Amino acid sequence: MSKQELNPIKSKDLYSLLKRLDIQDNPNWIGLFLFIRNLIYYFSSIPDKQKAELQKKILLFFKEKNFSQENFYKALLILEKGILENCRNKLSYFKIKLEEEKKVNSQILCEIEDIIKSLLSGINNHTKRLKTFETKTIEQIESNNNAQQLISFIKQQIKKLIKQNQQDAKEWKQRAKLLEEKARYDYLLQNIFNRSVFDNYMKHTAKSIVEEGRKLSLLMLDIDKFKKINDRWGHLVGDDVLKALAKIIKSHAEISGGIPCRYGGEELVIIFEDLSEEETYLRAEALRIDVEKYNFIPRTEDGKLEDPLHFTVSIGVAEMSKNDSPSDLIGKADKALYAAKTGGRNQVKRYSEVACDYNPSLSL
């Protein structure tokens, strides 16, 4: 399959080609030819590799020049099977993702149920302790006429009661903290926070940081040509690339006290408190270089190792000014990221240097 065959045929060449194939008066074969040479090219849901395989199989019929009705249905069946196979692969992928999400949600639900059981058990224990305290105190009052000894006994019992309740509260707090951590992290990229954590920070914390006279910057990145990675290797490998990137991002965020979050899809962000745009740019450049050098080894479904896969990222950075809203900061970082991608990818751009050049009408 040549590279040229993958591209749509130009209208000026169409008639002469149809005439050469001798199908200019056969609407069924013309329709099939136009679909496989033109329409399928624009299908974003079918990987390029699979498009090429389908084109190769169908174009063999045109090469043989056997344009019988029987052959037409054979070609149509091959095309139908290929498209359905792609749909099955998509459904299989989304089924796996759904199962993963259900598993995480199920784990969180189990944790909640355990905490509720612990709380109920703690309440029952607390009630029993109070009942025991009441019984022993009444017995002590009835059997002891020494006021000093009675007061000392009651103090000891109260201290014991408080200590036991404090231990229960500590255990509940620890379990609630673990539950909170599970809910805060992205279910796929478990090294970084999810979108709700990012949104919550922007809504409740970002503005106050700047109002205190401190700096706040945002780093936003996107994997270059990520769709081609998914098309070439499949979505499971694409997910593994995202996981590998998340680990790199987390390590860089930890060095400077940043907050790494998943913004959406393959877009990730790091919030940097007390760093200017220039300081964030330097950290972003170090991150970009590490990603470029990373030697990712994809695995096939049967567990075999493939050749190394190298990928790059484009990064935009911006600093929040006193007059900015949190959404303004996000918009600035997004515009800088856009400039990095349209400027050639695998680079870092600052909002301050691209603000005047941004043109949202351009297409990536």
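Brief remarks follow.
- Count - residues of the range 198-224 that are assigned to a loop (DSSP other than H, G, I, E, B) and surrounded by fewer than 14 Cβ atoms within 10 Å (Cβ to Cβ): 3
- Condition check for Ser45: assigned to a helix (DSSP H, G or I), of a type in the set (Ser, Thr, Tyr) and either open to solvent by less than 90 Å² (accessible area, probe 1.4 Å) or at pLDDT 75 or above (or both): no
- Residue check, Ser314 touching a Leu at 6+ places or on another chain (Cβ under 8 Å) and among the polar types (S, T, N, Q): yes
- Filter result for Lys155 (at pLDDT 75 or above and either in contact with a Pro (Cβ under 8 Å, 6 or more places away or on another chain) or assigned to a helix (DSSP H, G or I) (or both)): yes
- Counted residues, the range 63-80 - those being open to solvent by 40 Å² or more (accessible area, probe 1.4 Å) and in a helix (DSSP H, G or I): 10
- A single entry from Ile270, Ile289, Ile249, Ile297 fulfils the requirement of being open to solvent by 60 Å² or more (accessible area, probe 1.4 Å) and aliphatic (A, V, I, L, M): Ile297.
The values are calculated or read from the model by the stated rules, or taken from the named source; none is laboratory data. These numbers come from a predicted model, not from an experiment. Because the Cβ atoms are built from the backbone with ideal geometry, glycine has one as well, and the counts that use them run over all protein chains shown. Side chains included, ligands, DNA and RNA excluded: accessible areas come from the protein's heavy atoms. Shrake-Rupley method; radii C 1.70, N 1.55, O 1.52, S 1.80 Å.
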